[in-house]
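Here's the structure we're looking at; comments come further down.
The values are calculated or read from the model by the stated rules, or taken from the named source; none is laboratory data. Owing to the predicted nature of the structure, the values given are computational and were not obtained by experimental measurement. Here the Cβ is made from the backbone with ideal geometry for all residues, glycine too, and neighbour counts use every protein chain on show. Quick note on the areas: whole protein, heavy atoms, side chains included, nothing else; ligands and nucleic acids left out. Shrake-Rupley method; radii C 1.70, N 1.55, O 1.52, S 1.80 Å.
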Amino acid sequence: MPDIPVSWDSVSNADSYDVFHRVGGTAEYLTDYTTVASTSETSYTETITETGVHRYRVTALQNGTPGAPSADVTYTIPATPSNVTFSDTATLGELTVSWDDGSLSDGYYVYQSQEPGSAESDYTLVSDVANPPETLTGLEGGTQYH
C-alpha cells in the first residue's frame, strides 16, 4: 500500500506538532481523529493499508498547549479492482479485459507482460482507462500474457 506524505509550514514558537488521522467523512472535532504522530518536524509519512478517504489534521504545540487544528488534508486510496475477466473478440490479436469498477477510482492503468512478475516495473503500461472494459490490441496468438 502507499505511503502518504503530510507536510505543513512551520509555526513560529511551536515546540512540536501533533498529526491526526481519520478514515472516512469529515468530522468537526479532533476527538473524531486518531493521533498518529507527535513530531518536531514539519512533515510526517504514514504507510496506509486501508482503502478509502484518509483525512489528516495537524496542530502546533507551544509548551504542551495545542493551537487550532489545520484544515483537512485529504488523500483517496481506491480499492483494488475485482472480478477481472478476459474474453475473446471477433478480431484476431484482440482481447477484452473487464472488471468491477472500484469505488473512489478516477481511472485505471492496464499493464501487460509476457512473463509473470510481482513489481509494477515487470510490466509495460498498455492503456489508461476511465471506465472498464478495455480492449487490448496487437496481441500475438499463442502467447500467454500476464
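Points to keep in mind about this one:
- Of the residues making up the stretch 39-51, those that are of a type in the set (S, T, N, Q) and open to solvent by less than 80 Å² (accessible area, probe 1.4 Å) are Thr39, Thr42, Ser43, Thr51.
- Test set (1) farther than 20 Å from Thr51 by Cβ; (2) open to solvent by 80 Å² or more (accessible area, probe 1.4 Å); (3) under 20 Å from the mean Cα position of the chain (by Cα) - Ser127 fails condition number: (2)
- Scan of the stretch 52-86 for residues that are polar (S, T, N, Q), open to solvent by 60 Å² or more (accessible area, probe 1.4 Å) and under 30 Å from Gly107 (Cβ atoms), ordered by number: Thr74, Thr76, Thr80, Asn83, Thr85
- Filtered by the rule that a residue be of a type in the set (A, V, I, L, M, F, W, C) and over 30 Å from Val53 (Cβ atoms), the stretch 80-119 gives Phe86, Ala90, Leu92, Leu95.
- Selection status of Thr89, among the hydroxyl-bearing types (Ser, Thr, Tyr), in contact with a strand residue (DSSP E or B) (Cβ under 7 Å, 6 or more places away or on another chain), surrounded by fewer than 14 Cβ atoms within 10 Å (Cβ to Cβ) and within 30 Å of Gln144 (Cα to Cα): yes
- Every pair of residues 6+ apart whose Cβ atoms lie under 9 Å, when the first sits in the stretch 122-146 and is under 21 Å from Ser105 (Cβ atoms) while the second is modelled with pLDDT under 80 and open to solvent by 90 Å² or more (accessible area, probe 1.4 Å): Ala130/Asp106
- Candidates Val19, Val36, Val6, filtered to the one that is open to solvent by less than 40 Å² (accessible area, probe 1.4 Å), in contact (Cβ under 8 Å) with a residue 12 or more places away in the chain and over 30 Å from Ser118 (Cα atoms): Val19
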